[in-house]
Amino acid sequence: MWKQTTDREFGIIHPKLCRSNVCRSRVSSLHLSNCKEIVSSHRGSVNSLQVDLTEGRYLLAGASDATVAVYDIQRPTEHEDGNIIAKHKSLFVVGKQHEHGHHFAVSSAIWYPIDTGLFVTGSYDHHVNVWDTNTTQKVVGFSLPGKVYRTAMSSVARSHMLVATGTEDVQVRLCDIASGAFSHTLSGHRDGVMSLEWSTSSEWVLITGGCDGAIRFWDIRKAGCFRVLDQSQTQLGHRPPLLVHPKTEKKTSSTGLSSTGKPRAKFKRLNNRKQQRSHPGMFSIHDRATGHYGRVTGLKMTEDGMRLLSAGSDSRLRLWDMDSGCNTLVNFEATRLQGSKPIQMAMTQDSDLAFVPCLVSVKALSLWSGQAMATFRAHYENVNCCSYNMLDQELYSGGNDREILVWSPTTLSCTDSCLDEGTKDKATADQDNWSD
């Protein structure tokens, strides 16, 4: 640590490289925190967790008892054991007693991407509600035809305020917060939609995973999906090489004359244009392609938008290349994934590690080798969701045991604070007792 700081000061290594190295070392030392504890306010399984994207301070949680709670993970509400353990209680809870509260399990709870003043919840009571954080009142509500499995908003959107909803219905609906109405209906899946993910490189691209095993790509400005991922289309390693540069094509046809000496007609370019007009999702062969044998229970895209990680009820994890749409054949370590309900995965900032709920544990898997770098076990029942805080390099996990656990890196600040506030007082007391 100190060597890297010294090298950065003398300009031996780049500041960004030093930061990434420090973050990697902190992530590699994640363990169940003995200095921070979140006091869960839920009486049902925790289904959704998200740390706000603006401050990295507030944790939003949704549970099966129809409650939604917000926790301040920076400022504790109380301390225990001589100020060693910092306890974080919920700032507020919205439950069934609220006049606009959900009546059944809350399956999804997400923050508004650019402001903590709003958050969105989806429930099995067929409703999606938009809430004002300051007043805890419902701003806009949407009624859907089935159970809501997932909701998602684009973190890079600047031109729209759309909430994508995946329900047990075959259609994906986009809810417009500004107008309070549905703006789009995306049809293509043959069964319910369990997972949703917006592209991190384009505000117009939405990725959906259905119970029919299909992973579809949508450009919300156009009709129909433009890509359906096929697990049989594979590639090894990095992307395939780029196409031949147009200059090399000119060399092969430099004369531009046929065998009779007449100039050649350029029909090939026109034919290519005609072929590019159709979308792959429109062909019956591509339309029936599947990414998993079973339900697609989770989707997570890397920060650069170049890779997509998918999880299925077939207990398979697949990494997809976004440029070619091919399965990269990364051999992930054998894992068991629950397939009855969607799971929420998380990634580190540099997209090197993915945190995947695997029944009663959470595994940190390398995206490039598929090896399990660490396994976190502390829940008594299945883990449903996890969220990674990029500011503090902390991991939060929620499961069917109603608990929200904090996994923090080993730092000197934690141990020092414990010593300064608790252990030093005991040490001075012991010194007084044992002195002559």
Does D81 meet the test of being farther than 28 Å from E168 by Cα and touching a helix residue (DSSP H, G or I) at 6+ places or on another chain (Cβ under 9 Å)? yes
Every residue from the stretch 329-339 that is touching a residue at least 24 places away in the same chain (Cβ under 8 Å) and surrounded by fewer than 17 Cβ atoms within 10 Å (Cβ to Cβ): L329, N331, E333
Name the single residue that is farthest from Y388 (Cα to Cα) among those in the stretch 281-298 being modelled with pLDDT of 90 or more and open to solvent by less than 50 Å² (accessible area, probe 1.4 Å). T290
Counted residues, the stretch 299-320 - those being surrounded by fewer than 19 Cβ atoms within 10 Å (Cβ to Cβ) and over 20 Å from C358 (Cα atoms): 4
Would you tally the residues in the stretch 353-374 being assigned to a loop (DSSP other than H, G, I, E, B) and open to solvent by less than 30 Å² (accessible area, probe 1.4 Å)? 2
Select from the stretch 39-56 the residues that are within 16 Å of Y380 (Cβ to Cβ) and either of a type in the set (G, A, S) or not in a loop (DSSP other than H, G, I, E, B) (or both) and list them in ascending order. S40, G44, S45, V46
The stretch 1-38, subset within 23 Å of the chain's Cα centre (by Cα), of a type in the set (A, V, I, L, M) and part of a helix (DSSP H, G or I), residue modelled with the highest pLDDT: V27
I'm trying to understand the selection: among the residues of the stretch 40-64, which are farther than 15 Å from E394 by Cβ and either among the polar types (S, T, N, Q) or surrounded by fewer than 15 Cβ atoms within 10 Å (Cβ to Cβ) (or both)? S40, S41, R43, S45, N47, S48, T54, S64
Restricting to the stretch 190-207, give me the number of residues that are over 19 Å from P113 (Cβ atoms) and either of a type in the set (S, T, N, Q) or open to solvent by 10 Å² or more (accessible area, probe 1.4 Å) (or both). 2
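Table: residues versus (1) open to solvent by less than 70 Å² (accessible area, probe 1.4 Å); (2) in contact with a Leu (Cβ under 7 Å, 6 or more places away or on another chain); (3) of a type outside the set (S, T, Y).
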site: H102; (1), (2), (3): yes, no, yes
site: Y112; (1), (2), (3): yes, yes, no
site: T116; (1), (2), (3): yes, no, no
site: F119; (1), (2), (3): yes, yes, yes
site: G122; (1), (2), (3): yes, no, yes
Out of S179, S159, S183, S155, report the one residue that is more than 24 Å from A289 (Cα to Cα), open to solvent by 10 Å² or more (accessible area, probe 1.4 Å), in contact with a Pro (Cβ under 7 Å, 6 or more places away or on another chain) and at pLDDT below 95. S155
Can you name every residue in the stretch 328-352 that is assigned to a loop (DSSP other than H, G, I, E, B), within 18 Å of the chain's Cα centre (by Cα) and of a type in the set (S, T, N, Q)? Q338, T348, Q349, S351
Within the stretch 128-144, identify whether any single residue is within 20 Å of M345 (Cβ to Cβ) and in a strand (DSSP E or B), and answer yes or no. no
Please work out which one of (1) surrounded by 24 or more Cβ atoms within 10 Å (Cβ to Cβ); (2) under 19 Å from V163 (Cβ atoms); (3) out of contact with any helix residue (DSSP H, G or I) (no Cβ under 9 Å at 6 or more places or on another chain) is the condition I215 fails and give its number. (2)
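The values are calculated or read from the model by the stated rules, or taken from the named source; none is laboratory data. What you see is a predicted model; the values in this text were computed from it and never measured. Glycine also receives a Cβ, built like all others from the backbone with ideal geometry; neighbour counts cover every protein chain displayed. The area values use the complete protein model at the heavy-atom level, side chains included, leaving out ligands, DNA and RNA. Shrake-Rupley method; radii C 1.70, N 1.55, O 1.52, S 1.80 Å.
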